[in-house]
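Here is the structure we will look at, set down as structure tokens.
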Amino acid sequence: MKAVVRWTLNHISRSTLHRIAGLVTPLLSLAYAGRRRRCPVCGGSFRRFLPYGYVGQRSEALCPRCLALERHRMIWLWLERNTDLLTTLPTLLHIAPEPSLRRHFRRAYGTTKRYITADLESPLADIHFDVQSIPLEDCSVDVIICNHLLEHVEDDRLAMHELHRVMRPGGWGIMLVPEDRSREVTFEDDTITDAEERTRIFGQYDHRRIYGRDYDDRLRDAGFTVERIAFESDLSLEERERYRVGGDDLVIVRKA
């Protein structure tokens, strides 16, 4: 299964994967049915999660039913336990919408236009734009969810400023990126253009950088305040085994 997942990720476009997911996931849900693992996003129970990764494979990462990864399960648990987003329904801008989260946000928001999905090309998005030039008015959204997107962007600092510009004062967001916390500073080199070499160095063929411990400083330079939450440490041992949220921090940004 690890080899199949690796080949699929590296040879089939993300937009195509989104289109065919609905055909594959029912079969995977049946094949992996069990009680040891539970996905808080879709509510499914499984004997284990699927592996995932473009280079090295993380075991027990991907939900067989809704395709939620560790970070998506972490985000959903945090939203349910620590916010009123799903009941007050503030204006939410969801950039590069993950299918698992998008499905539930859409159900919660219904037909209201306060939930906006956006991407450069994803067929899941309501509107399409480059995050370096967001076609929304200043201070027009309350909450922004933008995960594992900034590592793809040519000028991530410009994108961060744009995200700060469209957020209302008092607004907040979740902005996660792949991080290597052993690095003091972010590594980026646009002279590396070969897809295989990019995959080897950056971990994925379409990544432009590996963020280091200066990621928070980049967000602060754009005007945000930054809060890091070691979410896994707030879970019981039983919950860690059941949900498998991973050990990454949850990065919350706010606009004063």
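Pairs are defined by a Cβ separation below 9 Å, a sequence spacing of at least 6 or placement on different chains, a first member in region 230-256 that is without any contact (Cβ under 8 Å) to a residue 24 or more places away in the chain, and a second member that is loosely packed, with under 15 Cβ neighbours inside 10 Å and among the polar types (S, T, N, Q); the pairs so defined are Gly247/Ser233. In region 144-157, the residues that are on the phi > 0 side of the Ramachandran plot form Cβ pairs under 9 Å with partners that are of a type outside the set (A, V, I, L, M, F, W, C), at six or more places apart or across chains, as follows: His148/Arg71; His148/Glu98; His148/Pro178.
Once region 118-143 is narrowed to residues that are in contact with a helix residue (DSSP H, G or I) (Cβ under 6 Å, 6 or more places away or on another chain) and modelled with pLDDT of 95 or more, the residue that is surrounded by the fewest Cβ atoms within 10 Å (Cβ to Cβ) is Asp138. Does region 183-191 contain at least one residue that is in contact with a helix residue (DSSP H, G or I) (Cβ under 9 Å, 6 or more places away or on another chain), within 21 Å of Ile95 (Cβ to Cβ) and surrounded by 13 or more Cβ atoms within 10 Å (Cβ to Cβ)? Yes. When Ala68, Ala118, Ala61 are checked against the criterion of being under 16 Å from Cys146 (Cβ atoms), in contact with a strand residue (DSSP E or B) (Cβ under 8 Å, 6 or more places away or on another chain) and not in a helix (DSSP H, G or I), a single residue qualifies: Ala118.
This table checks each residue for (1) more than 30 Å from Gly171 (Cα to Cα); (2) touching a residue at least 24 places away in the same chain (Cβ under 8 Å); (3) not charged (D, E, K, R).
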position	(1), (2), (3)
Leu28	yes, yes, yes
Gly34	yes, no, yes
Arg48	yes, no, no
Leu79	no, no, yes
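The values are calculated or read from the model by the stated rules, or taken from the named source; none is laboratory data. Note that the coordinates shown come from a computational prediction; the quantities given were computed from them, not determined experimentally. Heads up, the Cβs are rebuilt from the backbone with ideal geometry, glycines too, and the neighbour counts pull from every protein chain shown.
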